[in-house]
1. Please go through region 25-37 and pick out each residue that is closer than 18 Å to Leu105 by Cβ and surrounded by fewer than 16 Cβ atoms within 10 Å (Cβ to Cβ).
2. (1) farther than 22 Å from Ala132 by Cα; (2) buried (at least 17 other Cβ atoms within 10 Å of the Cβ): which one isn't true of Val91, the others all being true?
3. Kindly list the number of the only condition in (1) in a helix (DSSP H, G or I); (2) exposed (fewer than 10 other Cβ atoms within 10 Å of the Cβ); (3) modelled with pLDDT under 80 that fails for Val106.
Amino acid sequence: MTASCALWTRVSIGLTRGELTLEHLARLPDAAPTFGPGVRTPADRVLDELGVRRHVQVTVFGWLSVPFVLAGTGMVAIMPERPARLAARIVRLAILAPPFGPVELVETAYWHPSRSEDPALRWLLRTIQEGARGLLIHRSSQLLRHFT
């Protein structure tokens, strides 16, 4: 499963024309998710390659808390676009395109071959596949609308 990244920020932080630059990312306070010691997100790796050092003020575990931490602050954060758009229905924040372009997030599942016939594992894999298929169909329809 893949997803592009999006930037979250409060509208009132004074960005010109609603655009975010690499300089903004280096200067503005940041909320960053963590997934364990030494685990870097794909967006973290891109920013490292570009030489951008973020000003991390708050660290939360995983993506889900990020929008709620940002609410009412001048912080920015980088997170996957789909959960960001879902959270935007609840939390008043702006979604901006990242200045480094889309970043692919690849989700994988691993299990021991002895568990391949486990009904719970088969259900989980089927559920993930159906969700991924739905994302592909949604993304394809968006692309078709864009080019027609």
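1. Passing the criteria: Thr34, Phe35, Gly36.
2. If we test Val91 against (1) farther than 22 Å from Ala132 by Cα; (2) buried (at least 17 other Cβ atoms within 10 Å of the Cβ), just (2) comes out false.
3. All conditions are met except number (1).
Condition check ((1) more than 23 Å from the chain's Cα centre (by Cα); (2) modelled with pLDDT under 80; (3) surrounded by 10 or more Cβ atoms within 10 Å (Cβ to Cβ)) across all residues:
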residue	(1), (2), (3)
Tyr110	no, no, no
Ser116	yes, no, yes
Ala120	yes, no, no
Leu125	no, no, yes
His138	no, yes, yes
Ser141	no, yes, yes
His146	no, yes, no
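The values are calculated or read from the model by the stated rules, or taken from the named source; none is laboratory data. Just so it is clear, the model here is predicted, and its values are computed rather than measured. So basically every Cβ, Gly included, is an ideal-geometry build from the backbone, and we count neighbours across all protein chains shown.
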